[in-house]
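Structure record follows, encoded as structure tokens.
Laboratory data are not the source of any read-out in this text; all were calculated from the coordinates shown. Remember, predicted model here, so these are calculated numbers, not experimental data. Cβ sites come from the backbone with ideal geometry, for glycine too, and all protein chains shown count toward neighbours.
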Amino acid sequence: MKASDFPPNYTIQENVALADFTNIKIGGPADYLSVVTDQKIFVDLYRHCLAIGLRFLALGDGTNVFFSEGGFHGLVAIIKFDNTNIVAKNAVVAEAGASLEQILALCIENGLTGFEFTAGIPGTIGGAVYGNAGAYGSNVGALLTRAKILTASGEIIFVEHDFFKFSYRHSDLKVNPAIVLQAELQLAKGDAARIKSECDEIIAMRRMKLPPPDTLTAGSWFKNIKDDQGNATAAALYLDAIGARKMSVGDAAVHEKHANIFYNKGNATATDMLTLQQILQERVYRQFGVMLEREVMYVE
Ligand SMILES: Cc1cc2nc3c(=O)[nH]c(=O)nc-3n(C[C@H](O)[C@H](O)[C@H](O)COP(=O)(O)OP(=O)(O)OC[C@H]3O[C@@H](n4cnc5c(N)ncnc54)[C@H](O)[C@@H]3O)c2cc1C
């Protein structure tokens, strides 16, 4: 099938390097790719792919994902619809492609508190709901009250918080696929100046702790470890104990500033990343009996 075989209202590119749509710059070609700025067109495109039996993947800003060398057989749709609005009772409604930064700016502008923990986290609200993005003990799932989703069978439905079964870096979308079209977040009235200064502090702290912003990375590679009582141990502690910061496989490396941040020095492949991951998992397991689990999404 050629891109020109799709109905003319979609803009489809063929054989597109997915590396260019990920922050870590890793991934082979997608058979088809479409950058979609309109929610209705996105839904129609999904239904079209469903009808012709074409595999479909929704992507946001690509900050938490890498693809195999083989790329993606099907269509990757990059979500760019990003309207945001404040609705009654201090809630924000954001289309899936709205960036966390954009939503935070709206919160600051309108003196809404609760979203400060996202300061410095890249990516869209759609991706953040999928992976229940969070920091400093807070997460997006805790704020989400309602969402408009596109089910696997192509229906649009509104669902409430409990639908997502949020837990640490997890939503049920990882198990039962559906696409977030729009999310509603409950915030509270706060003092704009105080909210802004808290965000500035968080950003400054992240800048000290994390690699420079132009690093080719997907954020924390592994999830932190939670025990039965819910106490967390940073994956970085285990990784530091086995000397991870000095390790690399090809151009896949652990960043010297943070043991749980893998990055691409330039030409790393998914195989390099997965090999590095496996070596570190094995060493941590041998020394501590703990199996680290990848947080970053891998698509093949
Ligand atoms: C430097 C750096 C720092 C980071 N720091 C943090 C941090 O502190 N805390 C944290 O939690 N994360 C962090 N991350 C990870 C990342 O920023 C978040 O997970 C972000 O929410 C991902 O959004 P995205 O739009 O980039 O998702 P993508 O990478 O585009 O997609 C990630 C997954 O979500 C799915 N997805 C995307 N959009 C939708 C949608 N609308 N509906 C359903 N599924 C969808 C994709 O199919 C994919 O499986 C960091 C990443 C980087 C690069």
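Tabulated results
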quantity: Computed magnitude of the charge dipole of the chain (debye, nearest 20; Cβ of K, R +1, Cβ of D, E -1); calculated: 420 debye
quantity: Other-chain or far-sequence residues with amide H under 5 Å of Val35's (modelled H); calculated: Ile78
quantity: Peptides 31-39, 10-18 ordered by average Cβ neighbours within 10 Å, highest first; calculated: 31-39, 10-18
quantity: Listed pairs Lys2/Lys148; Lys80/Lys246; Lys226/Lys257; Lys189/Lys223 exceeding 27 Å between Cα atoms; calculated: Lys2/Lys148; Lys80/Lys246; Lys189/Lys223
quantity: Gln287 paired with Asn15, simple spin-label distance in nm, labels 7 Å along Cα-to-beta-carbon; calculated: 4.6 nm
quantity: Burial ordering of Ser4, Ser99, fewest other beta-carbon atoms within 10 Å first; calculated: Ser4, Ser99
quantity: Three-way shape call for the chain based on the alpha-carbon gyration tensor, with the a/c threshold at 1.5; calculated: oblate
quantity: Dipole in debye (nearest 20) - the range 1-119, about Cα centre, beta carbon charges: Lys, Arg +1; Asp, Glu -1; calculated: 260 debye
quantity: Computed E for Asp5/Lys265 - FRET, C-beta separation, R0 51 angstrom, nearest 0.05; calculated: 0.85
quantity: Percentage relative contact order, the chain, counting C-alpha pairs under 8 Å, at least six apart; calculated: 17 percent
quantity: Length released on extending from Gln278 to Glu101, taking residue separation times 0.36 nm less the Cα-Cα span; calculated: 60.4 nm
quantity: Table column - 3J(HN,Hα) (Hz), the range 140-154, Karplus curve with 6.51, -1.76, 1.60, x for Gly and Pro; calculated: 4, x, 5, 8, 6, 9, 7, 8, 9, 10, 10, 6, 4, 8, x
quantity: Segments 74-82, 106-114, 202-210, 189-197 sorted - mean Cβ within 10 Å per residue, highest first; calculated: 74-82, 106-114, 189-197, 202-210
quantity: Length-normalised contact order of the range 84-195 in % [C-alpha pairs under 8 Å, at least 6 apart]; calculated: 35 percent
quantity: Relative contact order [Cα under 8 Å, 6+ residues apart], the range 76-117, whole percent; calculated: 30 percent
quantity: For the chain, with +1 on Lys and Arg beta carbons and -1 on Asp and Glu, the positive-most of Gly120, Val76, Leu33 along the dipole; calculated: Gly120
quantity: Whether the range 216-300 is rounded, prolate or oblate, judged on the alpha carbon gyration tensor where a/c under 1.5 counts as rounded; calculated: prolate
quantity: Alpha-carbon centroid distance for the pair the range 227-251 / the range 60-127, whole angstrom; calculated: 28 Å
quantity: Segment Asp227-Tyr298, length gained on full extension (0.36 nm per residue, minus Cα span); calculated: 23.0 nm
quantity: Extension gain (nm, one decimal) between Ile156 and Ser197, 0.36 nm per residue minus Cα-Cα; calculated: 10.9 nm
